[in-house]
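**Q** Sharing a structure below in structure tokens format, with a few things to ask.
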Amino acid sequence: MIISQYMTKEHRGCDTKFAEAEQAAASGDWAKAEEAFLAFSNDTLKHFKKEEEELFPAFEAQTGSSEGPTQVMRYEHEQVKGLIGKLAGALESQDKDAYLSLCESMMILLQQHNMKEEQMLYAMCDRVLPPETKESTLEKMKKVEL
Amino acid sequence: MFDQNGLSLDQAPPISVVFRFFFSGALFGILAGILIFFYRTDIFDASSIAAVTFTHTLTLGVMLSIMFAALFQMLPVIAGVTLTSPVKKANWVQYPFVAGVISLLLAFNLSTPWLFGLASLLLGASLLPIAFIMLKNLLQLPNHSSSSKGMLTALLSLVILIFLALYMTGTLAGALEGAYYTQIKEAHYSFGLFGWIALLIISISFQVIEMFYVTPAYPVLVSRYLPMTLLLLLIISTLIGLFYPDIWGVSNILLALLLSGYALLTLKRLTQKKRPLTDATVWFWRLGLSSLLVSMLSMVLTPFMDNMFIKTLSYIFFASFALSIVFAMFYKIVPFLTWFHLNSQGYFTAPMMHEVIHPKTAKKHLYIHLATIVTFVLSVFIPPFIFVAGFLTIVSFTWMTYQIIHAHKLYKHTQETGEKFDMGNM
């Protein structure tokens, strides 16, 4: 279960940064909100890159299919990226109501995406990938930079 | 070129599927409020026709409708189950279901055997096939989460509940002898409240509490074994209860302990949420879980106290538990789905969640709902308050109906006038 553990831990890390940014924005501390939001978006985009460049191709090569779950996950990544852009806009204009409203959408979108990955895709990766591929994919993912 | 919209929308059912079940649920809620003006405090006498009619308006009409909305929406997300042709399936469920509920409510009041037969036919034919389809899909899952397993137990409870109900309506229609009628009635009641309603709420909460509020996950021991333990307890009690009805005295204490433990744990989880904002939905959850605690305490105390009030309080607070959680889910699901579907269809102008239903609107509903519960409790001791409770029930569900209509109008308006991102240019 090494893929599941590593990737799930990253999800939780992103959640914490996201909550910090939301908390700061709610209390009007925009500088802190910006800092936490930047950390959240960097971590999230890096996590997506790990999946799209390493994990998904490994899974697709093993299963022989580039359609199906990985394609859905890639599409959802695009949706999350779109929302990150909108959140950044609201943060820049210090529009609290818009920021908190977008946070609400982001949280649900991201959490349901994470659930699908944690309960299905990662579990499938851990099951179908041979141990050595899992190890090497994990190592490659750890080296990914934005 | 793959269709980006299709990919996402393949997973989520069309918005109309979810909205229509919320809508019929809310309309039955208004009906429940109207019925109070006719039945008044008779609804508190468990053996009366008034109580049976009112309870079924709430449990079947309101709760089952809304829970189908939740199942159609949550199965793809929580359990990765994608139902094929959801609109067609929703039509096949909803129309006969609504007709079935109305027939049943009329049958109770008119004591007409053929109406019980008609209600059995309509409700059995609408509910059993969809429950079996959902069960089949869940059973075929390669990877189970605690929520998907929990939903499995809730749906199994629903199927058992329906068969128990069919036995009863079959007896009332004159088609069955009904030798075990009293025992089956007790089991039907317990499977409905603790099996179907509580189990489904518990299973969904394993995911949504963590998902909406970013809390630590439930302990594995609880999320993995609580639903199955509850289901087994209900099955065993029903079987033994056929011959020793007193078993329910013990079972109810065990059920109360398990459900109270769950309520306390979830309340604790809500204090550990990482998200800073305490919106109305958090308060709906808190109110619902606290109501569950009071209901269970009253239920345990009932046999030891020579007082009918305590039993009535147990009913009122159980209804408060179920409805509070329904509202908590409603105020997250409706705004999210409106935004999500429009956003997935490429509309730049997709309204944000707060524009669909503002948190202040949800908070106002919270106060109305709270006032409704308080007046129901007061009416147990001061009967004229029942009219206020009835009026507030109507207001509460009219509020809900309006939010669905408003969200649907906004959805249609955006589709008609909104600026759309052209996928063809990609």
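**Q** Is region B:134-152 home to any residue that is small (G, A, S), assigned to a helix (DSSP H, G or I) and away from chain A (no Cβ under 14 Å)? Spell out the reasoning first.
**A** Restricting attention to region B:134-152, the residues satisfying the condition of being small (G, A, S) are B:145-148, B:150.
Still in the list and also assigned to a helix (DSSP H, G or I): B:146-148, B:150.
Those still in the list that are away from chain A (no Cβ under 14 Å) too: none.
Checked region B:134-152: no residue is small (G, A, S), assigned to a helix (DSSP H, G or I) and away from chain A (no Cβ under 14 Å).
**Q** Just one of the numbered conditions (1) assigned to a loop (DSSP other than H, G, I, E, B); (2) crowded, with 18+ Cβ neighbours inside 10 Å is not true of A:Q94; which one?
**A** With respect to (1) assigned to a loop (DSSP other than H, G, I, E, B); (2) crowded, with 18+ Cβ neighbours inside 10 Å, A:Q94 is out only on (2).
**Q** Something else: For a quick check of your reading of the model, give me the residue pairs whose first member lies in region B:348-373 and is within 11 Å of chain A (Cβ to nearest Cβ), whose second is surrounded by fewer than 19 Cβ atoms within 10 Å (Cβ to Cβ) and in a loop (DSSP other than H, G, I, E, B), with beta-carbon atoms closer than 9 Å and at least 6 apart or on different chains.
**A** Note: pairs meeting the criteria are B:F348/B:G418; B:F348/B:E419; B:F348/B:F421; B:A350/B:G418; B:P359/B:L277.
**Q** Run B:L230 past the list (1) surrounded by fewer than 16 Cβ atoms within 10 Å (Cβ to Cβ); (2) away from every other protein chain (no Cβ under 14 Å); (3) not basic (K, R) and report the number of the one that doesn't hold.
**A** Unmet for B:L230, out of (1) surrounded by fewer than 16 Cβ atoms within 10 Å (Cβ to Cβ); (2) away from every other protein chain (no Cβ under 14 Å); (3) not basic (K, R): (1).
**Q** Okay, next question. How about region A:104-146: which of its residues are among the hydrophobic types (A, V, I, L, M, F, W, C), closer than 24 Å to B:S344 by Cα and either within 8 Å of chain B (Cβ to nearest Cβ) or in contact with a Gly (Cβ under 9 Å, 6 or more places away or on another chain) (or both)?
**A** Within region A:104-146, the first condition is being among the hydrophobic types (A, V, I, L, M, F, W, C), and the residues that meet it are A:106-110, A:115, A:120-121, A:123-125, A:128-129, A:138, A:141, A:144, A:146.
If we keep only those that are closer than 24 Å to B:S344 by Cα too, we end up with A:106-110, A:115, A:120-121.
Residues satisfying the conditions are A:M107, A:I108, A:L109, A:M115, A:M120.
**Q** Read through the list (1) at pLDDT below 95; (2) within 14 Å of chain A (Cβ to nearest Cβ); (3) assigned to a helix (DSSP H, G or I), then give the number of the only condition that B:Y331 fails.
**A** If we test B:Y331 against (1) at pLDDT below 95; (2) within 14 Å of chain A (Cβ to nearest Cβ); (3) assigned to a helix (DSSP H, G or I), just (1) comes out false.
**Q** Keeping to region A:127-142, report how many residues are surrounded by fewer than 17 Cβ atoms within 10 Å (Cβ to Cβ) and either under 15 Å from A:K50 (Cα atoms) or not hydrophobic (A, V, I, L, M, F, W, C) (or both).
**A** Here is the first cut: in region A:127-142, the ones surrounded by fewer than 17 Cβ atoms within 10 Å (Cβ to Cβ) are A:127-128, A:130-133, A:135-136, A:139-140, A:142.
Checking which are either under 15 Å from A:K50 (Cα atoms) or not hydrophobic (A, V, I, L, M, F, W, C) (or both) leaves us with A:127, A:130-133, A:135-136, A:139-140, A:142.
Total meeting the criteria: 10.
**Q** Can I ask one more? Looking at (1) in a helix (DSSP H, G or I); (2) farther than 30 Å from B:I357 by Cβ, which is the only condition B:Y244 fails?
**A** Going through (1) in a helix (DSSP H, G or I); (2) farther than 30 Å from B:I357 by Cβ one by one, B:Y244 breaks only (1).
**Q** Which of the helices (runs of 4 or more DSSP H) found entirely inside region B:334-426 contain at least 2 residues meeting this: over 21 Å from B:R286 (Cα atoms) and at pLDDT below 95? Reasoning before the result, please.
**A** Details: elements: B:353-356, B:359-381, B:385-417.
It comes to B:353-356, B:385-417.
Per-residue answers, yes or no, for (1) crowded, with 16+ Cβ neighbours inside 10 Å; (2) within 10 Å of chain B (Cβ to nearest Cβ); (3) at positive phi:
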site	(1), (2), (3)
A:E52	no, no, no
A:T70	yes, no, no
A:G85	no, no, no
A:L100	yes, yes, no
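**Q** Quick test of your reading of the structure: A:R127 fulfils all but one of (1) touching a residue at least 12 places away in the same chain (Cβ under 8 Å); (2) more than 22 Å from A:A19 (Cβ to Cβ). Name the failing condition by number.
**A** Failed condition: (1).
**Q** For A:S93, state whether it is out of contact with any Asp or Glu (no Cβ under 9 Å at 6 or more places or on another chain), of a type outside the set (D, E, K, R) and under 24 Å from B:S145 (Cβ atoms).
**A** no
**Q** So A:F48 clears everything in (1) in a helix (DSSP H, G or I); (2) more than 14 Å from chain B (Cβ to nearest Cβ); (3) touching a residue at least 40 places away in the same chain (Cβ under 8 Å) except one condition, right? Which one?
**A** So the condition that A:F48 fails would be (3).
**Q** In addition: Please work out if A:S4 is modelled with pLDDT under 95, of a type outside the set (D, E, K, R) and over 17 Å from A:E118 (Cα atoms). Spell out the reasoning first.
**A** Details: modelled with pLDDT under 95: yes; of a type outside the set (D, E, K, R): yes; over 17 Å from A:E118 (Cα atoms): no.
For A:S4, the condition - modelled with pLDDT under 95, of a type outside the set (D, E, K, R) and over 17 Å from A:E118 (Cα atoms) - is not met.
**Q** A further question follows. Under 7 Å between Cβ atoms, at least 6 apart or on separate chains: pull out the pairs that start in region A:1-27 with a residue that is facing another protein chain (nearest Cβ under 10 Å) and end on any residue that is β-branched (V, I, T).
**A** A:D15/B:V214; A:A19/B:V214
**Q** Quick check, is A:A31 in a helix (DSSP H, G or I), facing another protein chain (nearest Cβ under 10 Å) and under 21 Å from A:G89 (Cβ atoms)? Give the derivation first.
**A** Values: in a helix (DSSP H, G or I): yes; facing another protein chain (nearest Cβ under 10 Å): no; under 21 Å from A:G89 (Cβ atoms): yes.
No.
**Q** Within region B:178-194, count every residue that is farther than 22 Å from B:L258 by Cα and of a type in the set (S, T, N, Q). It would help to see each step written out before you state the result.
**A** So the first thing to find is which residues in region B:178-194 are farther than 22 Å from B:L258 by Cα, and the list is B:178-185.
From what's left, of a type in the set (S, T, N, Q): B:182-183.
So the answer is 2.
**Q** Just the residues that are facing chain A (nearest Cβ under 10 Å) and not in a loop (DSSP other than H, G, I, E, B), please, taken from region B:203-219.
**A** Scanning region B:203-219 gives B:Q207, B:V208, B:E210, B:M211, B:F212, B:Y213.
Each row is one residue, and each column tells you yes or no for (1) closer than 20 Å to A:L138 by Cβ; (2) among the acidic types (D, E).
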{"position": "A:F56", "(1), (2)": "yes, no"}
{"position": "A:M73", "(1), (2)": "yes, no"}
{"position": "A:E78", "(1), (2)": "no, yes"}
{"position": "A:G82", "(1), (2)": "no, no"}
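**Q** Inspect region B:176-186 for any residue being within 19 Å of B:L64 (Cα to Cα), under 25 Å from the mean Cα position of the chain (by Cα) and either among the charged types (D, E, K, R) or not in a helix (DSSP H, G or I) (or both) and give the result as yes or no.
**A** Yes.
**Q** Additional query: Taking the stated definitions as given, is B:Q94 within 21 Å of the chain's Cα centre (by Cα) and either within 14 Å of another protein chain (Cβ to nearest Cβ) or not aromatic (F, W, Y) (or both)? Can you show your working first?
**A** Numbers: within 21 Å of the chain's Cα centre (by Cα): yes; either within 14 Å of another protein chain (Cβ to nearest Cβ) or not aromatic (F, W, Y) (or both): yes.
For B:Q94, the condition - within 21 Å of the chain's Cα centre (by Cα) and either within 14 Å of another protein chain (Cβ to nearest Cβ) or not aromatic (F, W, Y) (or both) - is met.
The values are calculated or read from the model by the stated rules, or taken from the named source; none is laboratory data. Because the structure is predicted, anything quoted here is derived from the model rather than measured. Neighbour counts run over all protein chains shown; Cβ positions are idealised from the backbone, glycine included.
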